[in-house]
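Worksheet for the structure shown next.
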Amino acid sequence: MDEHKENIQRTDVNLKMSEEKEDEKTKPCSRICPDDETAPETSQSNRDFSHPVYKEIALANGHINRMSKDELRVKLAELKLDTRGVKDVMKKRLKNHYKKQKLLQSAAEGGPTDTYYDYICVVDFEATCEEDNPSDFLHEIIEFPMVLINTHTLQIVDTFQAYVKPEVNPQLSDFCVKLTGITQETVDGADPFPDVLHRVVEWLQERELGTKYKYAMLTDGAWDMSKFLNIQCRISRIRYPQFAKKWINIRKSYCNFYKVPRTQTKLSTMLEKLGMKYEGRPHCGLDDSRNIARIAVRMLQDGCQLRVNERMHAGQLLSVPSSAPVEGAPPPRNPGNRE
C-alpha cells in the first residue's frame, strides 16, 4: 500500500502522533548520525571515534569524494561490487566497503567493530481502504506478510503470508479490491486477526527469533506498526504485541544513509535509485515485503547497519535515537486480551 499510505489521513482518533514525527514526513531527513560517513552505527559501548581506524576511513572517504562516476564504477568493478545506481549510491557503496574492511581488521586486532542483528523480519500490511478515506475510517489488516532476511548471508531465507477476515467493515470496497488484488472471497474464507497473529507468533518462535537469534522488525514507513497494527489490536480487543513495539523504518534509514530528501524514499523511488526494478504485483503485501527486503539487503551490502529507529510507547509514535544501544526484539509471544 505504498502510495496509498501516503494519502491516508494523518488525523486518527486511535493514535496520537508526535509533532516531531509529523515534521519528518514533510521535510528532508535532518537528523543523521554525527560524522556518518566515518563513524559506524554501533552500541554506545563501542563508540570511541578517537581510534586511528576512523582517521584512515576519513582519508579514504576524502579520496572517494573526488572520484567521478566513471572512476567509481571502475573501482567498484575491480572490487567485484555492484556497479548499479546513481553516483551518490555508488560513492556510499565504495566508502562502506573500505569502512567494513578497516573495521574487520580493527575487530581482529581488538578495536571497534559493527554489530548486526542475526535476522531482520520485513512486514508490509495490506488493509481495508476506500478511495477517499474519511478521517475516522478504521483500517483493518487483510494481509499479514513477512519476509525474513539473514543478515550474515545477506539472503532472503523465508516468507510467511496469511489473509485476514475484517470485522468492522467485512465488505471490501471496489477500490480496495482493485488496489490490493485481494478478493472478497479470500477474506471471507480467512481467519480473524487474533488467530492469524497466533500463527505469526508460532512462525517466529519456530525460527528461534528472540531466543537463539537476535532479530528486528522492519517496515516501509511508520504506518504499518503505529497505525494499522495499533488500530487492528484495538478492534480485535487484544494488547499490542511486545515484539512489534520497536522497528526499523527503512525510509528513515535510507535517507540518512544515502543522504537524500525524504521525498525520495517511496518504494518505487528507492528501487530505482539503487538500480533495481519492482518484482511482482504492486500492493500485494508479500510482493511489497519482498521488494522492501531487496532494498534492505542492498543497503546491508553497501555497508549500512539497519537498526531500530522507531517505537511505540503508550499509543504514541516515537523516534529511537542513534545513540541508543542496539537491541533485538523480545521473544515473540501472543498478547493478552484488553481489559
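The values are calculated or read from the model by the stated rules, or taken from the named source; none is laboratory data. Because the structure is a prediction, the values reported are computed rather than measured. Every residue, glycine as well, gets a Cβ built from its backbone with ideal geometry; the counts of neighbours run over all protein chains shown. The protein model used for the area step is the full one, side chains on, heavy atoms only, and it has no ligands, DNA or RNA in it. Shrake-Rupley method; radii C 1.70, N 1.55, O 1.52, S 1.80 Å.
Some points to look at:
- Residue that is farthest from the chain's Cα centre (by Cα) [pool: residues in segment 297-317 that are open to solvent by less than 40 Å² (accessible area, probe 1.4 Å) and over 14 Å from ILE250 (Cβ atoms)]: GLY315
- Restricting attention to segment 142-157, the residues being in contact (Cβ under 8 Å) with a residue 40 or more places away in the chain and either open to solvent by 70 Å² or more (accessible area, probe 1.4 Å) or under 18 Å from the mean Cα position of the chain (by Cα) (or both) number 11.
- For CYS121, the criteria (1) buried (at least 16 other Cβ atoms within 10 Å of the Cβ); (2) over 24 Å from ALA324 (Cα atoms); (3) at pLDDT 95 or above hold in every case but one, which is (2).
- Of all residues in segment 72-98, exactly one satisfies the criterion of being among the β-branched types (Val, Ile, Thr) and buried (at least 19 other Cβ atoms within 10 Å of the Cβ), namely VAL89.
- Flag if GLN264 is out of contact with any strand residue (DSSP E or B) (no Cβ under 6 Å at 6 or more places or on another chain), open to solvent by 20 Å² or more (accessible area, probe 1.4 Å) and touching a residue at least 40 places away in the same chain (Cβ under 8 Å): no
- Scanning segment 318-333 for residues that are surrounded by fewer than 18 Cβ atoms within 10 Å (Cβ to Cβ) and touching a helix residue (DSSP H, G or I) at 6+ places or on another chain (Cβ under 7 Å) returns SER319, SER323, PRO325, PRO330, ARG333.
- Of the residues making up segment 223-251, just one is under 15 Å from the mean Cα position of the chain (by Cα) and surrounded by fewer than 22 Cβ atoms within 10 Å (Cβ to Cβ), namely LYS245.
- Verdict on VAL177 being over 21 Å from the mean Cα position of the chain (by Cα), more than 23 Å from VAL320 (Cβ to Cβ) and open to solvent by less than 20 Å² (accessible area, probe 1.4 Å): no
- In segment 252-272, the residues that are at pLDDT 95 or above and more than 13 Å from the chain's Cα centre (by Cα): SER268, THR269, LEU271, GLU272
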